[in-house]
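Data first, discussion second: the structure below is written as structure tokens.
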């Protein structure tokens, strides 16, 4: 299981440093290893719960969590349940193309476009927009096993929330969203627990490294890094 532990470390770093990357990295890799796509998603989501829990705790200690943003993003739980429920009825290939292209567009926008202040946490403005983003990102997460970070984090940053607050707050909401989708896949026997455990063993120390990166980088550079990562994840999804 060494390869899964190493995969968990790499993905855990991306998860804590960018708010995404766990699903978009692990799902395609597991499929390349020969896993059934539904099992790949189930394994990814169940391990995601534990690694996201670790990352959330670390970001909370670093003061990167805004409770009001985390709460409105919880609408993503409904999106995740809906996405997981219909995942057996829609072609995963066509959906993968859609999310891959969408991530490439969002990554490019993060790199080249200045965010617009449509969501203002201090003035309690734009939370209806944040809730809509949470639902959309949750749906992608439930259907594809990936998408919460690349979709949710990207849109929140583009609409004016600082990158560090987005990462920390979205990880807290992600914990519940991944959990709700993971329950569906576990009850449907789409989880290999030994693989999930190996990913968790690697992912938790990886999350420590990711939080350290966020703590020691400025806002503009962090936004650019997130944009590049999301762009490359979109390319990865299209290729595999």
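Tabulated results
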| quantity | calculated |
| --- | --- |
| Equivalent ellipsoid semi-axes - Cα gyration tensor, segment 1-131, angstrom | 27, 20, 16 |
| Average projected area [Cα convex hull, segment 120-164], square nanometres | 3.0 nm² |
| Mean residue ellipticity (222 nm) of the chain, computed from DSSP H runs ≥ 4 via -39,500 (n - 2.57), nearest 500 | -25500 deg cm²/dmol |
| Prolate/oblate/rounded call for segment 1-42, Cα gyration tensor, a/c under 1.5 rounded | oblate |
| Value of D in µm² per second that Stokes-Einstein yields for segment 93-175, Kirkwood Rh from Cα pairs, at 4 °C (1.567 mPa s) | 100 µm²/s |
| Calculated Rg and Dmax of segment 2-239 using C-alpha coordinates, Å | 15.8, 49 |
| Label-point separation in nm, residue 132 to residue 36, each point 7 Å along Cα→Cβ | 3.8 nm |
| Shape of segment 106-240, Cα gyration tensor, a/c cut at 1.5 | prolate |
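Every read-out reported here was derived from the displayed coordinates using simple, explicitly stated rules and does not represent laboratory data. A quick note: this is a predicted structure, and the numbers were derived from the prediction, not measured. Here Cβ is always computed from backbone atoms with ideal geometry, including for glycine, and neighbour counts include all displayed protein chains.
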